[in-house]
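Undergrad: Would you mind keeping the following structure in view while I ask a few things?
The values are calculated or read from the model by the stated rules, or taken from the named source; none is laboratory data. Note that the structure is a prediction, hence the values are computed from the model and not measured. Note: ideal-geometry Cβ built from the backbone for every residue, glycine included; neighbour counts use all protein chains shown. Heads up: the accessible areas ignore ligands, DNA and RNA and are worked out on the full protein's heavy atoms, side chains in. Shrake-Rupley method; radii C 1.70, N 1.55, O 1.52, S 1.80 Å.
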Amino acid sequence: MPTVTLIPGDGIGPSITEATLRILEAAGADIQWEPQLAGMAAVKAHGDPIPDVTLDSIKRNKLALKGPLETPVGEGFRSINVALRKTFDLYANVRPAYSMVPGLRYQGLDMVMVRENTEGLYVGVEHYIKIGDDPRAAAESIAIITRAGSERVVRYAFEYAVRHGRKKVTLVHKANILKFSQGLFLDVGRKVAKEFEGKVEFQERIVDAMAMDLVLHPERFDVIVTTNLFGDILSDQISGLVGGLGLAPGANIGVNGAIFEAVHGTAPDLVGKNAANPAALLLAACMLLDHLGDHDRARRIRAALEGTIKDNRTVTRDLGGTATTTEFSDAIIARL
Ligand code: NAD
């Protein structure tokens, strides 16, 4: 039985975690959970939003399911995301999106964004340039793209496509303007694509055209791979096409571990009201099951969730209903 670190998180985190665990248990998932603290809950207990005991647990298990965390305001605290990304070298952020909600503008969408998570403009190499008396006359942020970093994330996208029976990988770039950094990403992507010729179709898109295509013809896309900043923006755009962040799971795949999470935050307005939608965390747990090779159980849980949402009688307020978190979860369990 695999052991997985469980971080319920802050705000609505404990409530959606409890709902997710009940559904997993009803589906017969065979996982040993190791609960750990992070976020404000960890600041209260350990004075650190990402204590070593939590990092050690993930290091041991190499797998974690994580609820939303409140980022403590003020200096002196280390950044949770930076600590996790660095410790586990989480290079691929995987965000699947598929249509489940009836009545939305788009139906039948099913795509996966693979975003490079460690390089590009987000490496934090920035400074001001003083000119004359003005210490902040200009600012410079440097995007760093490496051959190795590009290769591992593009390869991950292609291998993901093969593993999940997907047909096409679209590489999104801006190499027409950023000829060096984006050019390197594109160049490496083309080389990796050659290895998968005949198995997975390869397509290239310039990011601005991609933003338009995603609105006009989102059904044309399957797996998408891109650099950090473009992936950050496009992944939220894509979640908007299928009903928003309340249904958006994410996986952070690393060299030293993998962390599955809901993409949304702690929803302070819903805390204590039993009103939060557990679907994003539940879908993240399904990604974890897939990662463990338990595809059949993941498929059954997704089908029960999808059925409950399409039935539209027992859904939470964000999906247009009046059900509580508990009632919504009970309806999913009944379908299982
Ligand atoms: P948020 O995602 O918490 O809330 C935005 C809106 O979405 C709110 O109206 C909220 O009620 C709604 N919402 C979010 N999750 C929902 C759910 N499961 N069911 C129903 N409605 C839901 O974003 P925010 O208000 O900008 O951030 C609040 C806190 O969360 C901040 O402290 C922020 O730092 C943190 N945050 C954490 C993460 C993370 O840990 N992954 C991500 C984003 C924000």
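Undergrad: Of (1) open to solvent by less than 50 Å² (accessible area, probe 1.4 Å); (2) assigned to a helix (DSSP H, G or I), residue 45 satisfies all except one. Which?
TA: For residue 45, the exception is condition (1).
Undergrad: For the subset of the range 59-72 comprising residues that are within 15 Å of the ligand (Cβ to nearest atom) and not charged (D, E, K, R), which member is surrounded by the most Cβ atoms within 10 Å (Cβ to Cβ)? Steps first, answer last, please.
TA: Initial filter on the range 59-72 (within 15 Å of the ligand (Cβ to nearest atom)): 64-72.
Among the residues that remain, those that are also not charged (D, E, K, R) are: 64-65, 67-69, 71-72.
Values: 64: 25, 65: 24, 67: 28, 68: 24, 69: 26, 71: 14, 72: 18.
Applying the filter and picking the extreme gives 67.
Undergrad: So which of 175, 139 ends up being surrounded by fewer than 21 Cβ atoms within 10 Å (Cβ to Cβ), of a type in the set (Gly, Ala, Ser) and in a strand (DSSP E or B)? Don't jump to the end; show me each part of the working.
TA: Numbers: 175 fails: in a strand (DSSP E or B).
Going through 175, 139 in turn, the sole match is 139.
Undergrad: Examine the range 228-235 for a residue that is assigned to a loop (DSSP other than H, G, I, E, B) and surrounded by 20 or more Cβ atoms within 10 Å (Cβ to Cβ), and state whether such a residue exists. Give the derivation first.
TA: Let us first name the residues in the range 228-235 that are assigned to a loop (DSSP other than H, G, I, E, B), namely none.
No, every residue in the range 228-235 fails to be assigned to a loop (DSSP other than H, G, I, E, B) and surrounded by 20 or more Cβ atoms within 10 Å (Cβ to Cβ).
Undergrad: Mind listing just one residue for me: the one in the range 209-227 that is among the aliphatic types (A, V, I, L, M) and surrounded by 18 or more Cβ atoms within 10 Å (Cβ to Cβ) and, of those, nearest to residue 153 (Cα to Cα)? Steps first, please.
TA: Narrowing the range 209-227 to residues among the aliphatic types (A, V, I, L, M): 209-212, 214-216, 223-225.
Retained after the next criterion (residues that are surrounded by 18 or more Cβ atoms within 10 Å (Cβ to Cβ)): 210, 214, 223-225.
Working: 210: 19, 214: 21, 223: 12, 224: 11, 225: 8 Å.
Among those that are among the aliphatic types (A, V, I, L, M) and surrounded by 18 or more Cβ atoms within 10 Å (Cβ to Cβ), it is 225.
Undergrad: Sticking with this structure for a sec: Counting only residues that are in contact (Cβ under 8 Å) with a residue 40 or more places away in the chain, over 17 Å from residue 254 (Cα atoms) and under 19 Å from the mean Cα position of the chain (by Cα), how many does the range 132-163 have?
TA: Matching residues across the range 132-163 total 1.
Undergrad: Spot the failing condition for residue 28; the list is (1) in contact (Cβ under 8 Å) with a residue 40 or more places away in the chain; (2) open to solvent by 30 Å² or more (accessible area, probe 1.4 Å); (3) within 23 Å of the chain's Cα centre (by Cα), and only one is missed.
TA: All conditions pass for residue 28, except number (3).
Undergrad: Any idea which of 305, 319, 288, 281 is touching a Gly at 6+ places or on another chain (Cβ under 8 Å), within 16 Å of the ligand (Cβ to nearest atom), of a type outside the set (Gly, Ala, Ser) and within 15 Å of residue 25 (Cα to Cα)?
TA: Working: 305 fails: touching a Gly at 6+ places or on another chain (Cβ under 8 Å); 319 fails: within 15 Å of residue 25 (Cα to Cα); 288 fails: touching a Gly at 6+ places or on another chain (Cβ under 8 Å).
From the options 305, 319, 288, 281, the qualifying one is 281.
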